[in-house]
Amino acid sequence: MLIFKPFKGIHMKDTSLSNFPMYSPDKYTEEQIKAKLRNKNPSYIDIIKPTFFKGESPLENRFKKVRKRYEEYINENLLESDPSSIYIYEQTKRNGLTFRGVIGLVDVENFKNNDIKVSERANEQKQEIFSKFLDLTYLQTNPVILSYNSNSKLEVMIDLEIKSKPLINIEDELGITHKLWNVENRLKIAQFKETIENLPSLYLIDGCYRMAGAIAHSDKIKAKNKSKDLLFDNNHYIMSLIVSSQSIKISEYNYLIKSLNGLTKKDFFDKLETHFTINRKGNNPYYPSHKHHISMYYNGEFYGLYIKHEFRNIPEGLGCMDNYLFRKFIVESIFNIQTLKQEKKLITYLQGSGDIKGIMDLKAAVDNREYAVGFGFYPANFQDLQTVSDLGKKIPFKSAYIEPNLLLGLLMFDMK
């Protein structure tokens, strides 16, 4: 059974301090990170600053320093803790696109028991590092994202809460607005809890390695404290943002291939024709019109690759994912790439935009002679991810870029 519960969220005391939280460090250039580290104002990056000095000391020592710096922020009255609450989160982009959902704690056993379906494989290296981070800091600073098929009751409950003044209302460096409301009324919490726990199904759509790291951390705590009552131990819960499938956006990743590995143009096209119908588009930029159509840009021209009908949707679930079929019929069949390690040497992944802009970015990279050929995809949808998850399978690497993209440090969960 799904377990959802409130927690005492930690956040900046000055709730208008827009430069306190930040996006994941991999979203910034090295120069941008250095500029943030030089800033003397209170910030999340100041708390995790020891993690950036890799040559200083072992990872474990740096994580201990993060915990110490966090406690200094608490003692200096820069952070505050709410009463036990659940939270409503809303993000609005410059173009008006809005995402919103409910933040609370989910029991890690719900992932282990498959009460929450997971469609992606966790990055083992990131999982191990995050597990160590939790072991030594006891801090969760970014919720995983879980999604469900739209539920009118839950949407109405959220609508009612966001009519009040938000606890936090900031605009970040990208011009994106983030609002946070805390719900501490026990009756309202009970209503949210009941509604969420009775959802037919939940799907993990972002934060796979953090989920896996939280499970590993929980297992270590259980091994040390076999007789302890786990119900009241925060180490066995993971902070989660629960959003409707109508409140997420799925964009594609496009792929750039460095070389044809010695194939001539004729050899390459002959091999493509085994599984694809090829439609020459010439100079006209081509964005795939629907699933099973792939855009290809090669030698100054666009082509439409249409996966032949007899090869679509096989096997069940994975066969509905164009990224899977691309790997099977191009990466494996034509280039004889069998492992992800080999693939990463050949392919660069370029985040798409859901429209022609992503195709033009792909074209520019090939025209700059950095790559031999580029492939553009039509985005997967939530139903595709559901199907793969329900069958117990995993989607291919870099199959979908999912928004909302959350800020680290906007809301934190101290497991101690």
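Leaving out ligands, DNA and RNA, what percent of the accessible area of region 295-416 is carbon and sulfur, probe 1.4 Å?
48
Which whole-number percent gives the relative contact order of the chain, counting Cα pairs below 8 Å spaced six or more residues apart?
Relative contact order comes out at 24 percent.
Largest first, what is the accessible-area ranking of TYR209, TYR255 with a 1.4 Å probe?
Reading off the accessible areas and sorting them downward yields TYR209, TYR255.
Tell me which lysines have Cα within less than 23 Å of LYS34's Cα, excluding those fewer than 8 residues away on the same chain?
LYS49, LYS54, LYS64, LYS65, LYS68, LYS126
Among the lysines, which have Cα under 25 Å from the Cα of LYS93 when same-chain residues fewer than 8 positions away are ignored?
LYS13, LYS27, LYS36, LYS163, LYS165, LYS179, LYS249, LYS357, LYS398
Ignoring ligands, DNA and RNA, what percent of the 1.4 Å accessible area of region 1-94 is carbon and sulfur?
C and S fraction of accessible area: 51 percent.
Roll a 1.4 Å probe over the protein chains and send me the accessible area per residue for the chain in Å².
That works out to 47 Å² per residue.
Which loop-located GluC sites (Glu not before Pro) does region 234-328 contain, where loop means any DSSP state but H, G, I, E or B and the Cβ has at most 15 other Cβ atoms within 10 Å?
GLU273, GLU316
Looking at the chain, I'd like the Rg to Rh ratio, where Rg is from alpha-carbon atoms and Rh is Kirkwood's inverse mean 1/r.
Here the Rg-to-Rh quotient is 0.99.
Using 5 Å bins from zero, what percent of all Cα-Cα pairs in region 1-123 falls into each bin?
2, 8, 12, 15, 18, 19, 16, 9, 2, 0
Roughly how many Å is it from the Cα centre of region 184-199 to that of region 353-374, as a whole number?
47
The values are calculated or read from the model by the stated rules, or taken from the named source; none is laboratory data. Owing to the predicted nature of the structure, the values given are computational and were not obtained by experimental measurement. When we count neighbours, we look across all protein chains shown, and the Cβ atoms used for this are built from the backbone with ideal geometry, even at glycine. To get the accessible areas, we keep the full protein, side chains included, count just its heavy atoms, and leave off ligands, DNA and RNA. Shrake-Rupley method; radii C 1.70, N 1.55, O 1.52, S 1.80 Å.
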